[in-house]
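Report on the following structure.
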Amino acid sequence: MPVLTLGAHQLPAAEVALIRSLVRLFSHTSSFHWRFVDSGPCDAVIVDTELPPAELAEAGRRARAVLKVTRAYAPGQPDTLQRPIRADQLKAWLERQATEQRLMRAAHGPPAPAAAAGGTAKPVHLRFKLRRWPSAALLRNDPQRIRLATLLSRRALGARELSRISQLPAEQCQDFVDSLCQADLLEVLELPATASPAAVAARPAPPPSLAHGLISGIRRRLGL
């Protein structure tokens, strides 16, 4: 997998130095595919949430993924890191982004070099749909995981949409999606961030008899 680039936008010099050092430390692991860059377009950028909206928008135009650093953290809030920056949380986020970048390249080829040419990269949303039913070992006989897998078998969803529909924490949904990605069980769809909800509209709810049959089929697969 190609090495991905990480930048920082309007962060204090001390935090930039910390991030640069951590990325250098992480790079000693063969599975880590990031390097820190001081300027220019990049695959991901870290910003301060207290920046004016125009500055945040500028950061979003610079990279495909944005990690926001904040002084207050709401559990389940995606793409957000609380100060002080923790090495394990930063590494987990970068590895998750690397997985998504790899899936996008596999599904659609490398991104167009618009940013490198001075253009503006268009933000995209990734959505995932099950190719086949997960193994019992991956589902762990967990009703919540079975519920998430059932939702992803019906329609393509992003991690945030999956959290909203299932009413489960965003981090839990993202972790499950990551597990499915690692097992190569997901079909990846890339849609513009401005796509209308109709592009991924939910299918009508199945009648009770069909829902019952679906649950029965899942239970048979799990030997319940």
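A few remarks follow.
- The GluC sites (Glu not before Pro) of the stretch 16-58 that DSSP puts in a loop, and whose beta carbon has at most 16 other beta carbons within 10 Å, are GLU50.
- Shown here for the stretch 43-73: trypsin sites (Lys or Arg not before Pro) in loop regions (DSSP other than H, G, I, E, B) with at most 13 other Cβ atoms within 10 Å, namely ARG71.
Values in this text are rule-based calculations from the coordinates and carry no lab data. Bear in mind the structure is a predicted one, so any value in this text is a computation, not a measurement. Don't worry about glycine lacking a Cβ; one is built from the backbone with ideal geometry, like all the others, and counts go over all protein chains shown.
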